[in-house]
Structure formats: structure tokens, C-alpha cells
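Structure first, then comments.
The values are calculated or read from the model by the stated rules, or taken from the named source; none is laboratory data. The structure presented is a predicted model; accordingly, all values stated were derived computationally and were not measured. Here the Cβ positions follow ideal geometry from the backbone for every residue, glycine too, while neighbour counts run over all protein chains shown. The area values use the complete protein model at the heavy-atom level, side chains included, leaving out ligands, DNA and RNA. Shrake-Rupley method; radii C 1.70, N 1.55, O 1.52, S 1.80 Å.
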Amino acid sequence: MDLKAFQQKFKDSIIKINEPLAHYTYTKTGGPADALVFPKRKEEIAEIITYIHEKNWPLTILGNASNLIVKDGGIRGVTLILTEMDQISVHEKTIVAQAGAALIDVSKKASGFSLSGLEFACGIPGSVGGAVFMNAGAYDGEVKDVIQKVTVLTRTGELKEVTNEEMEFIYRNSKIQQTGDIVIDVTFLLTEGDQEKIIERMNELTMLRTTKQPLEYPSCGSVFKRPAGYFTGKLIQEAGLQGLVWGGAQISTKHAGFIVNVNQATATDYIELIEHIKEVILDKDDVQLETEVRIIGEDPTETEIVHAKNIIKKATKEFKKKINAEQSVQLADEL
């Protein structure tokens with residue numbers, strides 16, 4: 001790969017070479033991307049992926065990297081992060097949101113226009129594109145219930161609209177996972193509602209989330225899909241695993257369905273702990289846990305793991321500063 005030629009070809013794009021992904025993932029772990037690009041327009045994405053397709057380079061698409069673990073060996077080829085594409089617009093009962101917009105922000109926008117249907121999403125930290133990719137949901141709601149259509153870009157650069165039915169949504173899955181198409185924007189179809197009741201429900205769900213989930217630590221959110229007939233957190237608790245520390249990662253003492261970064265964990269720590277949990281639950285309960293979190297990237301060398309720890313130390317420090325600042329603002333609001 002001639003990355004210098006790539007940068008020169010797209011000199012108006014934001015491109016970072018050999019960029020540690022620990023600075024972007026919610027776990028604050030992950031090795032470097034060969035080339036990390038932050039496109040701002042769909043035309044820019046189309047030009048870039050057409051070029052990549054012609055060169056036969058690997059291509060990876062990320063939203064805001066919330067429900068994701070990037071291995072410590074990093075990602076080869078070109079990686080696109082779509083967080084610069086974050087426009088949200090309201091048209092009567094529909095909201096059109098670009099793929100990089102935060103789903104939480106879309107939920108807030110809906111409440112501001114007295115539109116109901118996205119209350120369940122008020123605490124889901126992923127991007128709109130990521131939410132479509134995995135049919136994100138919480139508190140008995142899923143994005144499939146409120147999506148009218150999705151604009152996607154194929155890996156060969158073709159722009160097309162896909163209806164809700166054509167997306168083939170099922171639990172934590174969509175057709176995008178099979179096709180590899182890139183979500184550009186999403187049209188949500190909502191219903192008119194009572195703004196006071198909408199906000200009241202959102203506040204209720206936000207309270208539930210803050211009291212039950214370990215938001216004070218870096219994490220990848222809910223690690224496992226819910227197996228039929230069981231609750232994953234309860235299985236992990238009953239197996240005596242809650243609180244277990246593996247390297248710098250820990251099964252959260254607040255919610256056993258979460259793994260948190262308590263001491264400069266590497267992605268390898270996360271992945272090994274996930275595999276340990278799966279083995280224990282299979283042996284004890286004969287239940288095969290499936291990961292909800294997406295795990296991508298290359299396995300690391302020993303040298304890369306050592307280097308990853310140095311990057312993670314800085315990323316974790318930045319996360320703690322952010323959390324302390326948010327808590328100070330919250331305390332000021334309460335006073």
C-alpha cells in the first residue's frame with residue numbers, strides 16, 4: 001500500500017497514518033490503523049472507496065467505536081470513521097440522520113420536536129450507522145421499529161436506498177452485516193406525542209442506565225447477546241465470575257454483563273476474559289454465549305502488546321479527565 005500516494009490523492013480529507021485506535025474506542029484499547037480517514041461527505045466516501053476497490057486494499061468502516069473491540073495488532077488497510085458525518089434534520093414526522101450522528105442526539109432531537117418512538121435510544125452510545133448495523137436496542141425497543149429507509153453505499157461505490165423490510169432486521173443483526181454496505185444516512189419514522197411524557201420516559205431510562213451500568217469506566221457496553229431463556233448477567237453472577245480481574249480488564253461489579261477497563265487493559269485482556277467467560281458458562285450451564293460486541297483487527301505480536309499498553313495509558317488518562325469534567329458539570333447543575 002502506497003499511503004503517501006493515498007494521502008496526496010485525497011489531500012483535502014482528514015487522514016491519519018498508523019493512528020492508534022485506543023484514542024477512539026470506548027474501551028480505550030486497540031492497535032493502530034494503517035490509514036484512518038474521517039470523511040465529511042458521502043461524495044468523499046464514494047471517491048475513497050472506489051479508489052480502494054480499484055487498488056484491492058482492505059477497507060473497514062467504523063461508527064463511533066462504542067460496541068467494538070479492536071485487537072492490539074490494529075487494522076490493516078484503510079479504516080473510515082464516520083463521526084464527522086453527523087447532521088440531523090427533522091421533516092414533519094421523520095428524522096433524517098447521517099451515519100456518524102450519535103443515536104442519543106437523534107433521540108434528543110426527536111423529543112425536542114415532540115416525536116415519540118426513540119425514547120429507548122436515549123442512553124445507547126453508538127452512532128446511527130452502528131445502530132443500523134447491529135439493530136441496536138434497549139428497554140424493549142429496537143431501531144428496526146422506527147426505521148423507514150436506509151441510504152447505503154456499496155463497496156463498489158453505488159448509492160442506493162434500502163427499505164426497512166429489505167434490511168432484514170433480526171435481533172442484533174441486519175443485512176448490512178452480510179453485504180458490507182456502508183450506511184450513509186437513515187430516515188426514522190416517528191409518531192407525534194406529548195413532549196412532557198416523552199422527556200419523562202427518557203429521564204426514567206437515563207436514571208436506570210446510570211444506576212445499573214458502569215459508566216465511570218471505559219467499556220464496550222453489553223458484551224454478550226441475551227441467550228434464549230436466560231439473562232447473561234445472572235449466568236455470570238451465578239458462576240461466581242462477577243468482579244474477576246483479567247490483566248487490566250474486569251467483569252463489572254455493577255453489572256456482570258459489562259467488562260470494564262480498570263487498569264490500562266489491552267484488547268487482548270478483553271478478548272481472553274470474554275473467552276474465559278464463554279468457557280465457564282458453557283461448562284456450568286451448557287449455554288453457548290455469543291458476543292454482541294464486534295471484535296475486529298489483527299492479533300498482536302509481543303512488541304505490539306507492550307506498545308499498546310503505553311498508548312492505552314494515555315487514552316485511559318484522557319477518559320478519566322472527561323468523566324471528571326462531566327461529573328463536575330452534573331454536580332453544578334444539581335446545585
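Over the chain, what is the mean sequence separation of C-alpha contacts under 8 Å (at least six apart), divided by residue count, expressed as relative contact order in percent?
Numbers: 683 pairs, mean separation 61.4, N = 335.
Computed over the chain, the figure is 18 percent.
With a 1.4 Å probe rolled over the protein heavy atoms of all chains, the accessible area of 114, 66 falls in the order 114, 66, largest first. Between residue 54 and residue 108, the FRET efficiency estimated from the beta carbon spacing at R0 = 51 angstrom works out to 0.80. Result for the chain in a Gaussian network model with C-alpha springs under 10 Å: among 128, 90, 186, the largest mean-square fluctuation is at 90. Atom-type composition of the exposed protein surface of the range 165-270 places 48 percent of the accessible area on carbon and sulfur (1.4 angstrom probe).
Let me make sure I get this right: for the chain, a, b and c are the square roots of the gyration tensor eigenvalues over alpha carbons, sorted descending. Under 1.5 in a/c it's rounded, otherwise prolate if a/b > b/c, else oblate. Which is it? Spell out each step's value before the answer.
Details: a/c = 1.45, a/b = 1.03, b/c = 1.41.
Rounded, since a/c falls under 1.5.
In terms of its C-alpha gyration tensor, the range 1-67 has a prolate overall shape, because the principal axis ratio a/c (a ≥ b ≥ c, square roots of the eigenvalues) is not below 1.5 and a/b outweighs b/c. A simple spin-label model places the labels of residue 254 and residue 145 2.5 nm from each other, with each point 7 Å out along Cα-to-Cβ. Per-peptide packing, taken as the mean over residues of other Cβ atoms within 10 Å, places 264-270, 177-183 in the sequence 264-270, 177-183 from highest down.
3J(HN,Hα) along the range 206-220: 5, 5, 4, 5, 5, 7, 9, 10, x, 6, 7, 10, x, 7, 9 Hz, from the Karplus curve 6.51 cos²θ - 1.76 cosθ + 1.60 with θ = phi - 60°, whole Hz, x for Gly and Pro. For the chain, DSSP calls about 80 percent of its internal beta bridges antiparallel. Each residue of the range 76-82 was assigned a 3J(HN,Hα) from its phi angle through the Karplus expression (A = 6.51, B = -1.76, C = 1.60, θ = phi - 60°), giving 7, x, 10, 10, 9, 10, 9 Hz with x at Gly and Pro. In this view, the solvent-accessible surface of residue 57, computed with a 1.4 Å probe and all protein chains in place, comes to about 40 Å². Per residue, the chain reaches -11500 deg cm²/dmol at 222 nm when only DSSP H runs of four or more residues are counted, each adding -39500 (n - 2.57).
The range 207-270 and the range 13-82 have Cα centres spaced 26 Å apart. For the range 2-85, with all protein chains in place and a probe radius of 1.4 Å, 45% of the accessible heavy-atom surface sits on carbon or sulfur. Placing unit charges on the Cβ atoms only, positive for Lys and Arg and negative for Asp and Glu, gives the range 137-246 a dipole magnitude near 520 debye about its Cα centre. Each semi-axis of the equivalent ellipsoid for the range 1-157 is √(5λ) with λ an eigenvalue of the Cα gyration tensor; in descending order they amount to 30, 18, 12 Å.
Just checking the listed ones, 21, 241, 68: in the Gaussian network model of the chain with Cα springs under 10 Å, the one fluctuating most is 241. Mind checking which of 46, 101, 33 has the largest fluctuation in a GNM of the chain, springs on alpha carbons under 10 Å? Comparing 46, 101, 33 in a Gaussian network model of the chain, the most mobile one is 46.
Only aspartates and glutamates eight or more places from residue 42 in sequence, or on another chain, were considered; those with a Cα closer than 17 Å are 12, 84, 86, 158, 161, 181, 185.
Model label points for residue 238 and residue 158, set 7 angstrom from Cα along the Cα-to-Cβ axis, are 4.9 nm apart.
Taking 36, 215 and ordering them by how much accessible surface each has at a 1.4 Å probe, largest first, produces 215, 36.
Accessible area per residue for the chain, computed on protein heavy atoms with a 1.4 Å probe, is 49 Å².
For the range 173-218, the set of GluC sites (Glu not before Pro) satisfying both a DSSP loop assignment and a count of at most 16 other C-beta atoms within 10 Å is given as 216.
Computed over the range 78-189, the convex hull of the alpha-carbon atoms projects to a mean area of 6.6 nm².
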